[in-house]
Structures are given as C-alpha cells and as structure tokens.
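Working notes for the structure below.
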Amino acid sequence: MYPKGFFIEQFAAIPSEELLLKLSASQLTDPAREAAEDLLKERGLAMEQITSLSKAAHKAELRRCRGTTECDYCGNPARRDCVHDAGQRFCSAHCLRDARVNEAALDLSPAQIEARAREICDGACPGCGVRGNIVDIRHYHRVTSILYFTHYERKSRLCCRACGNKENMTAFWLNYMLGWWGLPFGLILTPVYLIANLWEMRQHRNPGELSDDLLLHAKQQLALARLRG
C-alpha cells in the first residue's frame, strides 16, 4: 500500500472538483482519502464542506448524461430496448434502478448502514427462519459443461451458515457430476470450483463481526426503501 505522501504528489495537480469526485468513490484506500482531504483543506475547504461537496459531486456524476448510445450507468451499448429517465439513457431497467439506488445511498450515514446490517445479522435466517445463527451473505460456485461449452457462475445468498453450507454442498456435487464434460475449461474450472465451495464452507464470522458484503446489502436495502418511500 502506498503512503499518503505518494498520493499527495499524485493528486497535487488535480482540480478540486475531480478530487471531490474521487472522495466519493469507495475504492480509495485510507492514505489516498486522507491525501485528498488534506489537499482540499489546504485549498480552503472545511471538512464539513468537503463531505457535502463530495456527495453533491457524486450525485451529479450519477445524473450525468453521456450524450451517446452508451448506458449512462454501466457504459455498455444502449441502442435497442434502452430505458430513458430524466434525460439519461440506460441499457436496462436494472441499470436505472442501480443508479438511483446508489444516489439514494449517498444520503445514508455509516451508523445507519451498520445498524441495519446488525439487525440482519442478528435476525432470523431468510432461508430456514431460525434465529440465533449469524446471518450473512454466503457465496457458492457452479460449473456445468458439455463438449466445448462451459458455464460457470458465482452466486450469493443471504442466509445463516447452515443454509449456506447446504448451498455449497449442492453446488459441490453438481460440479462433481456435471462440470468435467467440457474441453478445455470444464477440466480446468471444475477442480477450482470444487475447492472454492469447500473453502466457503470453512469461512465463519465471530459474533458482532459484519462483512463488507453484508454492509453493502444493508446499504442497498435502506437506499431502495428510501426510493420506494
């Protein structure tokens, strides 16, 4: 990981508007975020202004119209069967929803998101309805092959560990029976996905520990509720 000084040198020539937009991106590392904030403070902005202006810049970016035949959210082609909303073009209703959900999520505080994630984590499992087990986003991996065709996917489900292990075991035996029969990727991916499902079954979280996937799910859930409200 690069130190803060490295990012100060990299960001020094970037206009304040672009720095504010960078701050709204969750991909920034902590040293990069601190460097951007320090540069904006040197340019006369208080921390409260940086937070509000960064949020406004991100919202403006989500509402920006490319003026092309590309989706204004994912950038994929949006020529036929595209969806229009507020002057923007989207390749699908799914992209339109995600853009508006991400915009609504900017008004949520970390405390709100964490509180909702903890409610989900400590609540009843959506799969079996049992309380007392840690509810989290569980992942499972599937691969099926025939001749030269191989289909592989990584799916996720909100459930307790017991339900997640059932999904992993089902995916494991499905891969074992149907994954090998494609050349060359079936032979390559099947052992990888067999191990991946076994690895997922070994993962566990301590009580009170919240995963990044669960926090993201809670944020999207709250943002979607805001939109519907």
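What follows is calculated from the coordinates using simple rules that are stated; it is not laboratory data. Since the model is a prediction, treat every value here as computed from it, not as a measurement. Because the Cβ atoms are built from the backbone with ideal geometry, glycine has one as well, and the counts that use them run over all protein chains shown.
Cross-linked pairs 4/219; 4/41; 59/219: Cα-Cα separations exceed 21 Å for 4/219.
Taking only Cα atoms of the range 65-106, what ratio of Rg to Rh do you get with Rh as the Kirkwood inverse-distance radius?
Details: Rg = 9.5 Å, Rh = 10.0 Å.
In the range 65-106, Rg relative to Rh is 0.95.
Please work out the FRET efficiency for the pair residue 76 and residue 153, using the Cβ-Cβ distance as r and a Förster radius of 22 Å; give the result to the nearest 0.05.
Here the calculated transfer efficiency is 0.70.
Between residue 124 and any residue 5 or more places off or on another chain, the built amide H atoms are never under 5 Å apart.
For helix 212-228, report the angle its Cα long axis makes with the longest principal axis of the Cα atoms of the chain; keep it between 0 and 90° and round to the nearest 10°. So the inclination is approximately 70 degrees. A simple rule links phi to the HN-Hα coupling: the Karplus curve 6.51 cos²θ - 1.76 cosθ + 1.60 with θ = phi - 60°, which for the range 118-126 gives 5, 4, 5, 4, 8, x, 6, 5, x Hz, with x for Gly and Pro.
Between Rg and the Kirkwood Rh of the range 1-62, both from Cα atoms, what is the Rg to Rh ratio? Don't jump to the answer; show the numbers that get you there.
Working: Rg = 10.8 Å, Rh = 11.5 Å.
Computed over Cα atoms, the ratio is 0.94.
Stokes-Einstein diffusion of the range 1-133 at 4 °C, 1.567 mPa s viscosity, Kirkwood radius from Cα pairs, rounded to a whole number: 74 µm²/s. For residue 68 and residue 46, the FRET efficiency from 1/(1 + (r/R0)^6), where r spans their Cβ atoms and R0 equals 30 Å, is about 0.20.
Can you tell me the FRET efficiency between residue 18 and residue 162 if r is taken as the Cβ-Cβ distance and R0 is 45 Å, rounded to the nearest 0.05? Intermediate values should be presented prior to the final figure.
On the way: r = 48 Å, r/R0 = 1.06.
Efficiency for this residue pair is about 0.40.
Helical runs assigned H by DSSP (4 residues or longer) give the chain a calculated mean residue ellipticity at 222 nm of -17500 deg cm²/dmol, each run adding -39500 (n - 2.57) before division by the residue total. Once the Cα-Cα distance is subtracted from the 0.36 nm per residue extended length, the residue 1 to residue 114 segment shows a gain of 38.1 nm.
Spacing of the modelled spin labels on residue 199 and residue 10, each 7 Å from Cα toward Cβ, amounts to 2.6 nm.
Using only Cα atoms, figure out Rg for the range 71-229 and give it as a multiple of 2.2 N^0.38 Å.
Numbers: Rg = 19.1 Å, N = 159, 2.2 N^0.38 = 15.1 Å.
Normalised Rg, Cα atoms only: 1.27.
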